[in-house]
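Inspection log for the structure reproduced underneath, given as structure tokens.
Bear in mind that the values in this text are calculations on the coordinates, not laboratory data. Note that this is a predicted model, so its numbers are computed, not measured. Methodologically, a virtual Cβ is constructed for each residue, glycine included, from the backbone with ideal geometry; neighbour enumeration extends over all protein chains shown.
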Amino acid sequence: MNNKIKYAVSLLLALILLVQIVPFAIAEDLETPADDPIIEEYVNISSVYCDCYISGITLYASATLNAKSSMSLSIKIEVQKLKSGEYSTIETWTASKTGVSLSLDDHRTINIFSTYRIKVTFTAGGESTTLYDYA
């Protein structure tokens, strides 16, 4: 056999092998489940919400905690300021009561040239979760 025929046969065999392997590789990749988002399931907490925004020179923050039944509830909002690449707490507001719902709203005068966020810790019974919101 001359070299051109050997080359053509080798190329054809390589192509046939490739056509047989590629569909399996694609199918295997498609069958791999995507990373599902983690959904926290709470025993006591029904829902949590927090928000903060800046208007003029004032930072406004609010948080709401709802429980599945009446129990001890608490919310702690920490106003945090970015300094040297790290957030540090500059003010803390808290509220607590027994019931199924608790809200906390407050505000603070700020330096508009700084960056702020709130760190909110919600507690219902012995169960806690923390959320952050950036102004």
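Would you order S103, S70 from fewest to most other beta-carbon atoms within 10 Å of each residue's own beta-carbon? Show your work: numbers first, answer last.
Working: S103 13, S70 10.
Ranked by crowding around the Cβ, least crowded first: S70, S103.
What number comes out for the charge environment of K68, summing +1 per Lys or Arg and -1 per Asp or Glu over other residues with Cβ under 15 Å away?
On the way: positive: none; negative: E40, E41, E127.
Every neighbour counted, the sum reads -3.
Using Cβ counts within 10 Å as a stand-in for footprinting exposure, how do I75, I5 rank, fewest first? If you can, show how the numbers build up before the last one.
Details: I75 23, I5 9.
Fewest-to-most Cβ neighbours within 10 Å comes out as I5, I75.
Quick check on region 61-135: what are the equivalent-ellipsoid semi-axes from the Cα gyration tensor, as sqrt(5λ), descending, whole Å? All intermediate terms of the calculation are to be shown ahead of the outcome.
Numbers: eigenvalues 141, 27, 14 Å².
One finds semi-axes of 27, 12, 8 Å for region 61-135.
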